[in-house]
Each structure stands twice: as C-alpha cells, then as structure tokens.
Amino acid sequence: MDNCKDVKNSYGKLLGYEVENNIVNIEFEEEKVYIKIVNSYIINFFVPSFRKERNSKAVENLKDKNCDFEVEFINGGIQISTEQLQLKVYDCFKVDIYDKEGTRLCADYRGDSKPFNRRYGDYMLAEAEGHAINNQEEYKLYISKNMEEEMYFYGLGEKTGHLNKKGYHYVNWNTDNAKPHGETFDRLYKSIPFLIGLSKGNAFGIFFDNHFETYFDMGRDNSEYYYFAAADGNLDYYFIYGPSVKKVVEGYTIITGNMPLPALWTLGYQQCRWSYDNETRLMEIANSLREKGIPCDTLYLDIDYMDGYRVFTWNKERFENPEAMIKTLNNMGFKVVTIIDPGVKVDKGYKIYDEGLENGYFATDNQGIVYRNEVWPGDSVYPDFLSPKVRKWWGENQKIMIDAGVSGIWNDMNEPASFNGPLPDDVMFNNDGILVTHKEVHNIYGHMMAKGTYEGLKKATGKRPFIVTRACYAGTQKYSTAWTGDNQSTWEHLRMSIPMLMNLGLSGMAFCGTDVGGFGHDCSAELLSRWVQVGTFTPLFRNHSAMGTRDQEPWAFDEITEEINRKYIKLRYKLLPYLYDMMWRCSKNGEPIIRPLLFNYQNDKKTYEINDEFLCGENILVAPVVEQGAKARMLYLPEGNSWIDYWTKEEYEGGQYIIKETPVDVCPIYVKGGSIIPTGEDQNYIGEKKTNKLNIEVYLSKENTETRYHHYTDDGESFRYQAGEFNHYKIKITNLDEKVEIKFKVIDKGYKEKYENVEFIIYNLRDKDLSVNGEVVETINEKAVISNPNK
Ligand code: GLC
C-alpha cells in the first residue's frame with residue numbers, strides 16, 4: 001500500500017516518535033504531528049501548520065484523563081493502543097483506527113481522488129443551488145477516509161436534507177440566504193463540523209475543529225471515500241469512538257461542553273412575530289392568550305421595538321414606557337425576550353456607536369479603518385466579538401435591557417449578515433491580541449457574540465441566561481439555544497425540520513427549535529395544526545412569522561385550529577417535568593432531547609433512516625403528520641420493547657410498521673412499554689399554580705419489565721443547584737405476573753420545596769396488585785396516591 005500517494009497533505013516518511021505525558025509527538029520528514037490521547041476513546045490529531053498555538057473557540061475546559069496507552073513500532077509505522085482503540089500511523093500521516101477486536105472503524109484513503117465528472121460545465125447546478133460549486137482544490141487541508149461497508153452519516157448540525165447524510169456534501173460557512181431553503185442548499189446559518197459515522201453497528205465521530213470554511217463530502221464525489229477539508233488553518237481533529245451513537249455524542253460534548261441547565265420558563269410555549277411593533281398590539285396578544293386559555297410563557301419583541309434599529313434602545317413612540325409594560329406582562333405571567341443584531345448604526349451622538357468607535361471595538365478593514373456594511377439600521381459597523389473587551393462591553397450593555405425587565409435575548413443576523421455584499425475576507429478582528437481575518441473567524445462570530453451575551457446576562461441577573469441565536473459554531477450549546485432561521489410556511493419545511501433538529505441534537509445543540517408555523521409565506525390552518533404538534537416536543541417551542549405574512553397566532557385561523565393549538569400546547573405543559581428531566585440529563589451527558597430512533601435502537605437497522613419520526617427523550621416516540629391532507633400514516637415502532645398508543649393506550653409489539661389514522665387533531669404518539677413519565681398540572685404559565693403534588697404516569701406493558709427513572713427538581717432559575725439545592729428522586733417499577741411494585745426513593749433533598757403527594761396514574765394495570773415502597777395500596781381508576789414521599 002502506498003501511503004504517500006495522495007500528494008495534497010504530503011508529510012513524508014515517518015521518522016520517529018516520542019511520548020510526552022498523554023501526547024505522542026510524531027516526526028515526519030516535512031511536519032510534526034501531535035496525537036493526544038484525551039482518554040481511552042477520544043483521540044486528538046493536531047498539526048500546527050497554520051499557527052503554533054491551538055486556537056479553538058469550541059474547546060474550553062477539556063480535561064485530559066490520564067489513561068494507560070502503549071506506543072510501539074510496527075511494520076511500516078507505529079501503533080498506539082488504548083484500552084479501547086488501536087491506532088496505526090504510517091508514512092505521510094496515514095492513520096487507521098481499529099477497535100480492540102480488530103474491527104477497522106476508520107481508515108485514511110490511499111487511492112487517487114476521483115471526483116465524478118461534471119460534463120459540459122456546472123452552470124445549471126450553480127443556478128439551482130444559488131452559489132458556486134466547491135472544488136477540492138480550493139481547500140488547503142484535506143483528509144479523506146475509506147468508505148466502510150454499510151455506512152451511514154449523521155450530525156453536521158443544521159443542514160438541509162435527510163437524517164442520513166451519505167451521498168451528500170455540505171459547506172460550513174455561516175450563511176443568511178433568504179431564499180426558501182431547499183434540499184440543495186449546502187450551507188445555512190450554523191457551522192458545526194462534527195460528523196458521526198455508523199458502519200455495521202459501530203459508531204464513531206469526527207470533530208474537525210477548524211472555523212475557516214470547511215467542507216464535508218460523504219461519498220458524493222466518489223463512493224469509495226468520504227472526506228473533510230478546510231480553506232486554511234491548523235489540522236485539528238478528534239476521533240471519538242462509540243461504539244454507540246450515544247457514547248459518541250457524549251464524547252463530543254465532553255470536548256465542546258454541555259448545554260447548561262436552562263431556566264424552567266424557557267420550556268414553555270413562546271409567541272413571536274415580526275413584529276408586535278407597538279404596546280397595544282403586544283398587550284392584545286398577551287390578553288388573547290390568557291382569555292383563550294392558551295398557555296404561554298414568553299412574548300418576543302422583534303426589531304421594531306428599537307429606535308431606528310439602534311441596538312440597546314427603545315422606540316418610545318411605539319413603547320412609551322417599556323418598564324411599566326413589561327412589569328404588567330410579568331404580572332400576567334409572561335417573560336419578554338428582545339431581539340438584537342450585531343450591526344451598530346453609524347450615527348454620531350448615539351452612545352453605543354460613539355463608545356465602540358472611541359475604544360476601537362469595531363472590526364476594521366486591512367488598513368485599520370472601521371469597516372462598514374449595511375444591515376437593518378442602514379450604514380452599520382460590526383462589534384469585534386473576538387476581543388474579550390468587546391464581549392465584556394456588549395455583555396454589560398445587556399443590563400440596559402435587563403433593567404427594563406427583559407428576561408432573555410435573541411441574537412439574530414450574527415453570521416454576520418450584511419445587505420451590501422459579503423464582508424471581505426480581510427476584514428480584521430482582534431483575537432485576544434492576535435489580528436485575524438474575517439476568513440478565519442466568520443464561522444465563530446455568532447458563537448463569540450453568544451458567549452459575550454451569556455456572560456453579560458449571567459452577571460446582570462445571577463440567573464440562568466436565556467439566549468436564542470441564529471449563527472453557531474461547535475460548542476455554542478454552552479451559551480445559547482438556537483433556532484433554524486428563516487424557514488417557510490411549507491410542508492416541505494415542516495418535513496425537513498425533523499431531520500434538521502435531530503442532527504442538531506446529535507451535534508450538541510440539544511436546545512433547538514424551528515419557527516413553528518413557518519416564517520416566510522402564509523401558513524395554512526392545517527399546516528399550523530401539524531407544526532404545533534411537532535413543536536410540542538421540540539425543546540424550543542416558538543411560533544414566529546415574517547412581516548407581511550398572514551397572522552399566525554394559535555387563534556388566527558378558525559376554532560378547530562385554535563382548539564388543536566390549545567390541546568397540544570397544554571400537552572406540552574403537562575410534559576414539562578419530563579422535559580426538564582431530559583434537560584437535566586442532557587446537561588450532564590449531552591443526550592439530545594429530540595433524537596432519531598437509532599439513538600436508542602442502534603441494533604435495529606430499520607431505524608437508521610427514519611426522517612419523519614423522532615424520540616422525545618427515550619420514552620416518547622412521535623410520528624407527526626407532515627403531509628397535507630394525510631388521513632393516516634405509516635410508522636415504525638422499533639424492536640426491543642412494546643409501544644403504547646398515547647391516545648388509546650393500546651399496546652403494540654416493537655419491530656413492526658403500523659398504520660395510524662390521523663385526523664387533524666391527532667398526532668401519533670407512542671410511549672415505550674414500562675415507561676415512567678412525570679407530568680405537571682394544567683396551567684397558563686410556569687409557576688402559575690404552586691403545587692406540591694407530582695403526577696407520575698406509568699405505562700405498563702404485557703411483558704414483565706423492570707424500569708428505572710430519575711426525576712429532578714430545583715428552583716428552575718438560579719444557579720443554586722450547583723451548591724446542592726436540588727431534589728433527585730429515583731423511581732423503579734417492577735411489573736410481575738401478579739403484581740406491580742413501585743419504589744419511590746429520594747436520593748438528594750437539597751431543595752426546600754418538596755412534594756407532599758405523589759399520584760401514580762397507572763395505565764394497563766390489568767387488575768394486578770400494586771405496592772408502593774413495599775406497602776400494598778388501593779387503586780381507584782388505576783390511580784394511587786402516596787403521601788409524604790420524602791421520608
Ligand atoms: C431575520 C430573522 C427573523 C426576524 C427578522 C427581523 O430574518 O431570522 O427571525 O424576524 O430578521 O428581525
């Protein structure tokens with residue numbers, strides 16, 4: 001095998017190695033390579049060919065675990081062995097990775113690069129996709145891997161198309177493109193260069209930590225190999241071994257950080273519009289929601305609340321007294337979130353512009369002159385979020401909004417967007433004292449803005465910050481939630497949102513959502529009904545629509561649609577304790593909230609390419625209707641356990657396709673047999689009703705099962721949980737032939753508000769005896785209540 005055939009990254013012959021702590025330094029003729037054993041299943045490959053220092057903005061607190069590994073010479077190269085992996089490194093820095101059984105997981109491709117022929121030019125394709133075609137030759141870094149047998153690809157954050165990315169290519173270059181996002185769009189607002197490969201049941205991840213433009217081709221060019229490439233920068237990538245997808249995602253969040261526990265109110269329903277542009281209209285919306293009994297926690301103000309789109313200002317003609325208005329809304333149980341864009345209006349005498357100019361806080365051209373482009377306020381300048389000083393300044397200004405009563409911040413247009421042509425490559429930013437180009441930092445601009453916003457909000461409030469961002473890079477989950485930008489009110493976009501959100505979840509951005517009902521174009525009654533059914537289960541649940549489109553609030557169509565909205569939004573509120581538990585788990589191990597079926601059923605290959613079903617946590621399977629007029633839909637129930645129809649409580653064996661009738665008010669929902677689901681009371685907003693009662697729904701299956709569940713509570717807004725102020729309960733259900741045993745145990749009880757009653761609602765008890773913590777209890781209508789469970 002000729003390892004050096006591919007001339008692009010020519011490292012030359014392997015000369016030798018030395019081991020320094022957990023790093024194996026390998027000397028090649030042309031280049032030095034550092035292989036870091038992060039732990040027994042995460043390996044980092046680093047070649048500082050662009051800049052000596054690591055300059056990751058995704059990886060901040062990665063702690064290496066000291067683990068045993070061995071290095072030895074083998075025929076033609078060296079071998080590094082950890083407890084779980086074997087790496088073989090050869091001349092020209094060709095790397096092959098095997099598991100302990102010797103199964104090859106990931107191997108560098110040695111053949112020629114053979115892109116397919118595009119006969120007679122590329123004019124039509126470029127037209128269709130709205131951008132030029134990428135050419136491998138444009139990329140300075142290029143790593144190509146063998147296509148293994150039966151490969152599937154996932155991850156890559158927010159991308160168009162299907163769940164499985166095999167046969168497609170994508171570009172990471174944060175892009176605001178207002179045209180309807182079709183399957184052929186190869187780039188959107190976010191760049192998360194993290195790919196999951198799955199071959200013959202073995203999953204692994206590749207995190208290519210490079211924020212220049214990057215490119216991933218999953219066998220579109222040629223089915224013999226897949227590759228990733230970057231316009232420039234250091235070669236810095238991580239291999240993360242599974243073999244489960246779950247472990248890969250956990251490994252990725254170990255590297256890039258976990259989503260912090262969100263404030264509870266952020267899980268409620270959110271109502272938005274471009275724009276509720278004056279106080280009267282906003283109050284009308286707030287009152288309608290309460291009068292109509294449609295639960296809602298959050299109202300948004302889009303750009304028109306500002307004075308001439310000047311950030312950190314209010315238009316006092318439209319909102320005469322924002323503080324008083326927000327106070328009234330807060331008293332009604334609403335939180336208010338305001339939008340902000342990075343573009344600062346060029347306007348002498350405007351505080352933010354003057355301060356920024358005076359202190360050199362804005363990005364400049366290559367001559368050091370402040371760079372201008374156009375955004376909503378017209379002529380605008382761009383804060384340099386790469387600089388810690390600027391982030392601090394921006395963060396401190398958030399206090400202006402917080403003092404007015406605002407509870408969360410919506411960061412938009414932070415790709416950064418520009419109306420007057422793209423920012424040139426050589427617009428300059430100051431990365432902690434090092435001057436860097438826009439070409440290098442474009443993809444992390446929104447990420448750094450989110451970081452500054454997070455730190456500012458945390459300081460100003462002491463509470464868990466809520467930020468929604470459009471642009472992201474790997475690791476943005478530490479600071480912000482994300483929405484998928486300007487979708488359209490089309491069935492195609494509803495369909496596509498499901499794999500998009502599932503892949504975002506697999507890429508660390510678990511707290512994500514789409515504009516429910518669609519942003520551009522007019523929504524229809526049926527489309528809104530179906531979209532709200534999906535939104536009920538997505539972490540961020542926000543109805544939003546564009547200026548000029550028809551009204552899209554839950555009541556904007558007809559009574560039936562309003563009723564469907566109410567029914568599902570109420571279901572969302574009912575499921576909040578379950579969702580909060582999922583958030584808690586995710587904050588610990590990166591497990592996404594909504595996830596593809598394969599995440600929990602990797603042994604069942606039929607789950608590998610399901611685009612129109614998802615799991616919400618591991619217990620709830622949702623198979624939404626995404627076709628107009630569908631009166632029924634086929635769905636797959638994964639094998640390994642039974643599934644109980646949420647509506648009828650009928651039980652189905654797993655491993656089969658079934659057909660479910662779907663009148664417009666029915667979204668097919670199936671609960672895993674044996675599940676424990678904590679649920680909450682009916683309320684108009686979170687915290688409306690103070691309750692010390694917990695409901696626990698138990699879905700028993702015919703088969704004998706034993707299930708465990710962890711339930712978590714705290715004050716839902718502060719960081720006091722970090723000092724132990726939380727309660728943690730463990731629930732175990734054993735379903736035997738004659739009886740069902742429930743064990744309810746308090747593991748941690750640091751939070752003062754405790755449950756006084758726990759009510760179990762047991763579905764499919766089938767006249768069995770029931771015991772709770774060893775005592776037989778009476779059940780009435782399959783309900784059993786235990787008092788004082790904190791003993
Ligand atoms: C962008 C955002 C959209 C917002 C609009 C006006 O298009 O993506 O959500 O409503 O700007 O601020």
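The values are calculated or read from the model by the stated rules, or taken from the named source; none is laboratory data. Being a predicted model, the structure only gives us computed values, none of them experimental. Using ideal geometry, Cβ is built from the backbone for each residue, glycine included, and neighbour counts are taken over all protein chains shown. With ligands, DNA and RNA removed, areas are computed over all heavy atoms of the protein, side chains included. Shrake-Rupley method; radii C 1.70, N 1.55, O 1.52, S 1.80 Å.
With N denoting the number of residues in the range 584-634, provide Rg(C-alpha) divided by 2.2 N^0.38 Å, to two decimal places. Don't jump to the answer; show the numbers that get you there.
Working: Rg = 12.8 Å, N = 51, 2.2 N^0.38 = 9.8 Å.
The range 584-634 yields a ratio of 1.31.
Compute the distance from the alpha-carbon center of the range 521-575 to that of the range 361-409, in whole Å.
34 Å
Using label points projected 7 Å from each Cα along Cα→Cβ, tell me how many nm separate Ile560 and Lys743, to one decimal.
Result for the modelled spin labels: 5.0 nm.
Kindly rank 672-685, 469-482 from highest to lowest mean number of other beta carbons found within 10 Å of each residue. Write down the numbers at each step before the final one.
On the way: 672-685: 20.4, 469-482: 27.7.
Going by the mean number of other Cβ atoms within 10 Å, highest first, we get 469-482, 672-685.
How high is the relative contact order of the range 690-787, in percent, with contacts defined as C-alpha pairs under 8 Å that are six or more residues apart? All intermediate terms of the calculation are to be shown ahead of the outcome.
Numbers: 193 pairs, mean separation 29.8, N = 98.
About 30 percent, as a whole number.
What are the residues whose amide H is under 5 Å from the amide H of Cys106, where those residues sit 5 or more places off or on another chain and H is modelled from the backbone?
Here the answer is Ile97, since their amide H atoms fall under 5 Å of that of Cys106.
Could you work out how far the C-alpha centroid of the range 51-91 sits from that of the range 293-350, in angstrom?
Between the Cα centre of the range 51-91 and that of the range 293-350, the gap is 50 Å.
Taking a probe of 1.4 Å, how large is the accessible area per residue of the chain, in Å²?
Details: 29530 Å² over 791 residues.
Per residue, the chain has an accessible area of 37 Å².
So, R0 is 45 Å and r is the distance between the beta-carbons of Lys649 and Asn177; what FRET efficiency does that work out to, to 0.05? Could the numbers behind the result be given before it?
Working: r = 46 Å, r/R0 = 1.02.
Using R0 = 45 Å, I get an efficiency of 0.45.
Take Arg720 and Glu29, extend 7 Å from each Cα along the Cα→Cβ direction, and tell me the distance between the two endpoints in nm.
Modelled inter-label distance: 6.7 nm.
Of the trypsin sites (Lys or Arg not before Pro) in the range 483-560, which ones lie in a loop per DSSP and count no more than 13 other C-beta atoms within 10 Å?
Working: sites: Arg495, Arg530, Arg542, Arg550; in loops: Arg550.
When the trypsin sites (Lys or Arg not before Pro) of the range 483-560 are filtered for loop state and at most 13 Cβ neighbours within 10 Å, Arg550 remain.
When the C-alpha atoms of the range 176-289 are aligned to their principal axes, what extent does each axis show, in angstrom, from largest down?
60, 34, 30
Provide the gained length on full extension for the span Thr184 to Glu492, in nm with one decimal, where the gain is 0.36 nm per separating residue minus the Cα-Cα distance. Mind dumping the intermediate values first?
Working: separation 308, 0.36 × 308 = 110.88 nm, distance 1.28 nm.
Stretched fully, the Thr184-Glu492 segment lengthens by 109.6 nm.
Note down, for the range 46-126, the three equivalent ellipsoid semi-axes (square root of 5 times each alpha carbon gyration tensor eigenvalue), biggest first, whole angstrom. If you can, show how the numbers build up before the last one.
Numbers: eigenvalues 219, 98, 38 Å².
Whole-Å semi-axes of the equivalent ellipsoid: 33, 22, 14.
On each of the three principal axes of the Cα atoms of the range 369-483, give max minus min coordinate, whole Å, ordered largest first.
38, 29, 26
What is the Cα centroid distance between the range 151-220 and the range 223-276, reported in whole angstrom?
11 Å
Taking amide H positions as placed 1.01 Å from N in the peptide plane, with prolines and chain starts having none, which residues 5 or more places from Glu697, or on another chain, fall under 5 Å of its amide H?
Here the answer is Ile677, Thr679, Ile761, since their amide H atoms fall under 5 Å of that of Glu697.
Which three extents, in whole angstrom, do the alpha-carbon atoms of the chain cover along their principal axes, largest first?
Over the chain, Cα extents along the principal axes are 78, 70, 55 Å.
So for each of 766-773, 243-250 I average, over its residues, the number of other beta carbons within 10 Å; can you give me the resulting order with the highest mean first?
On the way: 766-773: 13.8, 243-250: 22.1.
Result, highest mean Cβ count within 10 Å first: 243-250, 766-773.
Counting pairwise Cα distances across the range 438-488, what percent come out greater than 12 angstrom? Before the final figure, lay out each step's value.
Numbers: 785 of 1275 pairs.
Tail fraction, whole percent: 62.
Across all directions of projection, what mean area in square nanometres is found for the Cα convex hull of the range 269-589?
Values: hull surface 64.3 nm².
Averaged projected area of the range 269-589's Cα convex hull equals 16.1 nm².
From the phi of every residue in the range 148-155, what ³J(HN,Hα) in whole Hz does the Karplus formula 6.51 cos²θ - 1.76 cosθ + 1.60 yield, where θ is phi - 60° and glycine or proline is x?
7, 5, 6, 8, 10, 10, 9, x
List, in order, the whole-Hz ³J(HN,Hα) value for each residue of the range 418-431 obtained from phi through the Karplus relation with A = 6.51, B = -1.76, C = 1.60 and θ = phi - 60°; use x for Gly and Pro.
With coefficients 6.51, -1.76 and 1.60, one gets 7, 8, 10, x, x, 4, x, 4, 9, 5, 9, 10, 10, 8 Hz.
Need one number: nm distance between label points at Arg118 and Glu753, each 7 Å from Cα along Cα→Cβ, rounded to one decimal.
5.8 nm
First measure r as the distance between the Cβ atoms of Asn321 and Glu284, then evaluate 1/(1 + (r/R0)^6) with R0 = 25 Å and state the FRET efficiency to the nearest 0.05.
Working: r = 17 Å, r/R0 = 0.69.
So, using R0 = 25 Å, E works out to roughly 0.90.
If you average over every viewing direction, what projected area does the convex hull of the Cα atoms of the range 690-787 give, in nm²? Before the final figure, lay out the partial values.
Numbers: hull surface 26.6 nm².
Result: a mean projected hull area of 6.7 nm².
For the chain, what does the helix formula give at 222 nm: sum of -39500 (n - 2.57) over DSSP H segments with n ≥ 4, over the residue count, nearest 500 deg cm²/dmol? Could you put the intermediate results ahead of the total?
Numbers: 12 runs with 144 residues, N = 791.
Value at 222 nm, helices only, nearest 500: -5500 deg cm²/dmol.
Residue by residue through the range 109-119, what is 3J(HN,Hα) from phi via Karplus (6.51 cos²θ - 1.76 cosθ + 1.60, θ = phi - 60°)? Round to whole Hz and write x for glycine and proline.
7, 9, x, 6, 6, 10, x, 5, 7, 10, 6
How much net charge surrounds Lys389 when only the other residues with a Cβ under 14 Å from the Cβ of Lys389 are counted, with Lys and Arg +1 and Asp and Glu -1? Write out the running numbers ahead of the final one.
On the way: positive: Arg391, Lys392, Lys451; negative: Glu355, Glu358, Asp384, Glu396, Asp432, Glu455.
Value of the local net charge: -3.
For the range 512-614, take the convex hull of the Cα atoms, compute a quarter of its surface area, and give me that in nm², please. Could the numbers behind the result be given before it?
Working: hull surface 30.6 nm².
Over all viewing directions, the range 512-614 projects a mean Cα-hull area of 7.6 nm².
With a Förster radius of 30 Å, plug the Cβ-Cβ distance of Lys200 and Lys693 into 1/(1 + (r/R0)^6) and report the FRET value to the nearest 0.05. Mind dumping the intermediate values first?
On the way: r = 49 Å, r/R0 = 1.62.
The formula returns an efficiency of 0.05 here.
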